[in-house]
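One structure is given below, encoded as structure tokens.
The values are calculated or read from the model by the stated rules, or taken from the named source; none is laboratory data. All figures in this text were calculated on a predicted structure; none of them were measured in a lab. Don't worry about glycine lacking a Cβ; one is built from the backbone with ideal geometry, like all the others, and counts go over all protein chains shown.
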Amino acid sequence: MEHTKKTVFPDDWEDEERMNFLFSDFKENREVHPSDWDSKMEFWTSLVLQTCRTHGAVSLSLKELNAAFKRNGRLPLGLTTVIQSMARCGKLQRESEFAANVDSGWLSWGVGVLLVKPLKWTFSTLLGSSLVSQDESFVVIELVKEKAADLMEAYRSSAFSGRSLLSFQELSELCSEVCPGESSLCLALLQLQREKRCTVSVHEGEKIVKFSRPGQCRVSPVSDVDVGIYQLQCSENLLGERIKVLGLEADKCREEARMLLRDRKKSQALRCLRGRKRVEKRADNLFAQLETIRGILDRIAQSQTDKLVMQAYQTGVAALRLALKDVTVEGAESLVDQIQELCDVQEDVNQTLAGVATSDENVDELEEELKALMEDADEMTDRLPGVLPEVPHNPLVLPRETAQGGSSLLASLPDVPTNTFNISDQQLEEELNRLTLRDSDFGQKKRLEPAL
């Protein structure tokens, strides 16, 4: 456990009486005082997890815990029991056992803190699980899973996410903030390998890591294609660095030539310019090689994309075939006909329910009544004498066009009619009574219709 931050203790840490109880050893038999035993175990378990999370550690040892929890010159006497209890509950696991449960590939790592399957039986295992040595490391399962998830997220959000293989050095620099130490990085990679999300191998003495691609449940083994792509990417990086160095060297030669010209050393300046031309020619050749490698990598990436597209097409065709297994054109036509038939039935029902329409007899009576009203209106028009004045044809003269004032305007208007209509009051009363009687007869017919 790396002490990179200050440990934060709970409020009980300043209570002398409480801490005297917590710093004492556990009883051999839990059944004597189960509540005291459980409260002490819960306190130390939570404090151990909190301390490891604060320091960003995924492993611990008894020696490190004693150093972290030392108080007023006293050491907790029950930490051995705490470690054993957490190991039985699955919260801790010996580092040797944790590494040994992973498949092959770690023997060549040469990491001192990690042991592999041939060394699974450590001295503490041989002497019995009740013994916990001071320097033996235990992995905190909860924290190593969190660290593995953070490591995977850091890789996928970086510029290296498009690469299938990474060197261990590149991964260490990439995840320096997530995994500040080599031990935590190795344990996080072990956890990812246990989850089948990464695999580790060694190529020409260099440790390389391969992560699972987005959308893949598990990582595929490192193939010859992966190794070839990795070598091309390494060559690309190497050529890029050399081109950069040659560019700086060419600039340096140019500056030297300029300084020699100031000192009137023309021949030396000319040699510097010739050297600059040679450097630029070498840089051009390397740049051409770099472009060739980049073209090959682009073609490989395109082929991989095409492969994924073909797989997606095949999956889509299989899914579509399965979905349309019981669907036929005849069945679809039958369904459409049934739907149309039901729609027609519904339309007929709606017309029946809303059809409080009048009968043909009622419509005929209404038409006769309307015809009689129209005839009466025509008779009234014929009785009116043609004594109305004619429509004036003279244009209206505006006041501003008249020089004589308002008298000219009045003179231009037609005469007011003096004749009266040739219809008497008696005739009007007879017509009104006839219309009233006709309306009353129509109302009685409408009231008698429901009974009929």
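Is it true that Ala301 is closer than 23 Å to Ser167 by Cα and not assigned by TED's automatic domain parsing to the domain that holds Ala188? The answer is yes for Ala301.
A quick yes/no check of all residues on (1) modelled with pLDDT of 90 or more; (2) in the same structural domain as Cys52 (by TED's automatic domain parsing); (3) among the hydrophobic types (A, V, I, L, M, F, W, C); (4) more than 28 Å from Gly205 (Cα to Cα):
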{"position": "Arg71", "(1), (2), (3), (4)": "no, yes, no, yes"}
{"position": "Val82", "(1), (2), (3), (4)": "yes, yes, yes, yes"}
{"position": "Lys91", "(1), (2), (3), (4)": "yes, yes, no, yes"}
{"position": "Phe98", "(1), (2), (3), (4)": "no, yes, yes, no"}
{"position": "Asn101", "(1), (2), (3), (4)": "no, yes, no, no"}
{"position": "Trp106", "(1), (2), (3), (4)": "no, yes, yes, no"}
{"position": "Val113", "(1), (2), (3), (4)": "no, yes, yes, no"}
{"position": "Val116", "(1), (2), (3), (4)": "no, yes, yes, no"}
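Restricted to the range 125-207, the set of strands (runs of 3 or more DSSP E) holding at least 2 residues that are more than 30 Å from Leu77 (Cβ to Cβ) comprises 165-167, 198-203.
Considering the range 1-55, and only residues there that are part of a loop (DSSP other than H, G, I, E, B) and among the aliphatic types (A, V, I, L, M), the residue that is modelled with the lowest pLDDT turns out to be Met1. The requirement of being in the same structural domain as Arg299 (by TED's automatic domain parsing) and loosely packed, with under 14 Cβ neighbours inside 10 Å is fulfilled nowhere in the range 165-173; no residue meets it. Scanning the range 194-215 turns up at least one residue that is surrounded by 14 or more Cβ atoms within 10 Å (Cβ to Cβ), over 22 Å from Lys145 (Cβ atoms) and polar (S, T, N, Q).
Among residues of the range 241-261 that are closer than 10 Å to Leu286 by Cβ and in contact (Cβ under 8 Å) with a residue 24 or more places away in the chain, those with a beta-carbon under 6 Å from a residue that is of a type in the set (Lys, Arg) and assigned to a helix (DSSP H, G or I) at least six positions away or on a different chain give the pairs Leu246/Arg282. Among the candidates Val8, Val32, the residue that is in contact with a Ser or Thr (Cβ under 9 Å, 6 or more places away or on another chain), loosely packed, with under 13 Cβ neighbours inside 10 Å and of a type in the set (Val, Ile, Thr) is uniquely Val8.
Scanning the range 308-363 for residues that are outside any helix (DSSP H, G or I) and either among the basic types (Lys, Arg) or at pLDDT 90 or above (or both) yields a single hit, Lys325. Scanning the range 184-217 for residues that are out of contact with any strand residue (DSSP E or B) (no Cβ under 6 Å at 6 or more places or on another chain) and β-branched (Val, Ile, Thr) yields a single hit, Val202. Only one of the numbered conditions (1) over 26 Å from Gly162 (Cα atoms); (2) surrounded by 11 or more Cβ atoms within 10 Å (Cβ to Cβ) is not met by Val329, and that is (2). When the test is whether a residue is farther than 29 Å from Val225 by Cα, surrounded by 10 or more Cβ atoms within 10 Å (Cβ to Cβ) and under 40 Å from the mean Cα position of the chain (by Cα), Ala319 passes it.
Each row is one residue, and each column tells you yes or no for (1) among the aliphatic types (A, V, I, L, M); (2) out of contact with any Gly (no Cβ under 6 Å at 6 or more places or on another chain); (3) within 24 Å of Gln216 (Cα to Cα); (4) modelled with pLDDT of 90 or more.
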| site | (1), (2), (3), (4) |
| --- | --- |
| Ser133 | no, yes, no, no |
| Glu146 | no, yes, yes, yes |
| Asp150 | no, yes, yes, yes |
| Gly162 | no, yes, yes, no |
| Ser167 | no, yes, yes, no |
| Leu174 | yes, yes, yes, no |
| Pro180 | no, yes, no, no |
| Ser184 | no, yes, no, no |
| Thr199 | no, yes, yes, no |
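Pairing residues of the range 215-237 that are touching a residue at least 40 places away in the same chain (Cβ under 8 Å) and farther than 14 Å from Gly162 by Cβ with residues that are hydroxyl-bearing (Ser, Thr, Tyr) and surrounded by 16 or more Cβ atoms within 10 Å (Cβ to Cβ), at Cβ distances under 8 Å and at least 6 apart in sequence or on separate chains, gives Val222/Thr199; Val222/Ser201. Per the conditions (1) crowded, with 20+ Cβ neighbours inside 10 Å; (2) more than 23 Å from Glu97 (Cβ to Cβ); (3) among the polar types (S, T, N, Q), the sole criterion not satisfied by Ser183 is (2).
Of all residues in the range 208-237, those satisfying the criterion of being of a type outside the set (Ser, Thr, Tyr) and assigned to a loop (DSSP other than H, G, I, E, B) are Arg213, Pro214, Gly215, Gln216, Cys217, Arg218, Val219, Pro221, Val222.
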